[in-house]
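Report on the structure given below.
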Amino acid sequence: MSDRLAYARALYDGVPLYDPKRAPVDLDLTDNTNLWGLPPAAERALRDLAVSRVTRYPSLYAAELKQELAHFVGATPECVVTGCGSDDILDSAMRAFGEPGSVVAGSEPSFAMIPIFAQMNGLRYVGVTERPDHQPDLDVLLAANPRILYLCSPNNPTGALLKRETLERAVREAPGVVFVDEAYAEFSGVSAVDLAMRVDNLLVIRTMSKAFGLAGLRVGYGIGATPLVRDVEKSRGPYKLNAVAEQMALAALRSDMPWVHDHVALAVKTRERLADELRARGYAPLDSHANYVCVPVARAVDVGQALRARGVAARPFPGLPHVGDTLRISVGPWELVERFLTAFDEATRDVHGGAP
């Protein structure tokens, strides 16, 4: 008997379930979330939430949260759309702006879900290898005539920051909508929101999963011209942000910003300290503007497995263009990073005698 249903959509035949194959470990440095814990006001909101909020539907389109997010990023509420994580915004936006068979072009390496979202929505993905300076090859991307052009800044997994002149050219010359994924923007201090407020074809996608420490709540949002976000909101549908997530996000934005800023600064300091430790061992980590370090390591998959055998996980990326095998290491409290370094020294010694 065939596994495929006769009435299934053919375009889903090649869509895999997301499976990073990450068995649980004692110390997981693979997902770039906030390892310092919950912001205090958000944690109080979780404890104090009335049962009535859980037994009733949440707000239709999170209007109250949109006001706070707009204040945070320097936009207006009608230019903000929320969703169940930044994934939901990306998926909904592809559905909103992509005609069947049209092109989604993206620089590679980058967020692995983009080709999958494109396929799920009946779109054609075109991946273009980034340049040796870790900037997108805009000439080739634009030549694909994309209905949607996806860029990520800081880029995952390299941590590279998109140059402003590259973004401005992309917005000026793209035949369709430009998506800029800013999941890690708080750690770079650089954002395209100001540009999104001046043009009608730029959607900035952000999240509260990283700097705010709310990854389990799935709070994502997009910023763009009012007609742009209105169409994303139509595609997204109502009730996509649950009541608990909305209240905790509101508490964080209203009362926890000093905590967030302090821990962003701590993450940046720890990132640079980790990079220095890796350099002292003879490695050459890539310049990062996010809350992780991506470092070339020979036989990175084998090293990753050796780390897991020691209860520690970092994300291997084999064969990155212009770089080769790498490990991506999330940062957190320094005692956790020290534990990683001890396991890393042992793992590299096991795999290739400790040489970079």
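The values are calculated or read from the model by the stated rules, or taken from the named source; none is laboratory data. Since we're looking at a predicted model, the values are computed, not measured. Because the Cβ atoms are built from the backbone with ideal geometry, glycine has one as well, and the counts that use them run over all protein chains shown.
Here are some notes:
- Consider segment 297-331 and keep the residues that are in contact (Cβ under 8 Å) with a residue 60 or more places away in the chain and of a type outside the set (A, V, I, L, M, F, W, C). The one that is nearest to Asn156 (Cα to Cα) is Arg328.
- Tyr239 being over 15 Å from Phe187 (Cα atoms), among the aromatic types (Phe, Trp, Tyr) and out of contact with any strand residue (DSSP E or B) (no Cβ under 7 Å at 6 or more places or on another chain): yes
- Filter pass, Glu168 being charged (D, E, K, R), surrounded by fewer than 18 Cβ atoms within 10 Å (Cβ to Cβ) and outside the structural domain of Arg271 (by TED's automatic domain parsing): yes
- Residue among Phe111, Phe97 that is closer than 20 Å to Gly220 by Cα, surrounded by fewer than 24 Cβ atoms within 10 Å (Cβ to Cβ) and touching a Lys or Arg at 6+ places or on another chain (Cβ under 7 Å): Phe97
- Residue selected from segment 215-224 under the condition under 14 Å from Gly85 (Cβ atoms) and over 13 Å from the mean Cα position of the chain (by Cα), by the criterion surrounded by the fewest Cβ atoms within 10 Å (Cβ to Cβ): Gly216
- Counting only helices (runs of 4 or more DSSP H) wholly contained in segment 225-337, the ones carrying 2 or more residues that are in the same structural domain as Arg198 (by TED's automatic domain parsing), touching an Asp or Glu at 6+ places or on another chain (Cβ under 9 Å) and buried (at least 18 other Cβ atoms within 10 Å of the Cβ) occupy 226-236, 243-255.
- Note on segment 5-22: residues that are over 30 Å from Gly101 (Cβ atoms) and either at pLDDT 95 or above or not in a loop (DSSP other than H, G, I, E, B) (or both) amount to 0.
- Exclusive hit being aliphatic (A, V, I, L, M), within 21 Å of Glu182 (Cβ to Cβ) and modelled with pLDDT of 95 or more, set Ala298, Ala290, Ala313, Ala306: Ala290
Residue-by-condition table, conditions (1) over 23 Å from Thr326 (Cβ atoms); (2) hydrophobic (A, V, I, L, M, F, W, C); (3) part of a helix (DSSP H, G or I); (4) touching a Leu at 6+ places or on another chain (Cβ under 8 Å):
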| site | (1), (2), (3), (4) |
| --- | --- |
| Asp139 | yes, no, yes, no |
| Asn145 | yes, no, no, no |
| Leu151 | no, yes, no, yes |
| Pro154 | no, no, no, yes |
| Thr158 | no, no, no, yes |
| Thr166 | no, no, yes, yes |
| Arg172 | yes, no, yes, no |
| Val178 | yes, yes, no, yes |
| Phe187 | no, yes, yes, no |
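- With respect to (1) over 17 Å from Pro154 (Cβ atoms); (2) in contact with a Cys (Cβ under 9 Å, 6 or more places away or on another chain); (3) modelled with pLDDT of 95 or more, the lone exception for Gly220 is condition (1).
- Any chance Phe344 is buried (at least 21 other Cβ atoms within 10 Å of the Cβ), among the aromatic types (Phe, Trp, Tyr) and farther than 23 Å from Ala183 by Cβ: yes
- Selection status of Ser92, polar (S, T, N, Q), surrounded by fewer than 22 Cβ atoms within 10 Å (Cβ to Cβ) and in the same structural domain as Gly220 (by TED's automatic domain parsing): no
- Of the criteria (1) under 30 Å from Ala170 (Cα atoms); (2) not assigned by TED's automatic domain parsing to the domain that holds Thr342, which one Arg56 fails: (1)
- Looking only at segment 168-187, and only at residues there that are in contact with a Phe, Trp or Tyr (Cβ under 9 Å, 6 or more places away or on another chain) and free of Cβ contacts under 8 Å to residues at least 40 places away in the same chain, the one that is nearest to Gln135 (Cα to Cα): Val180
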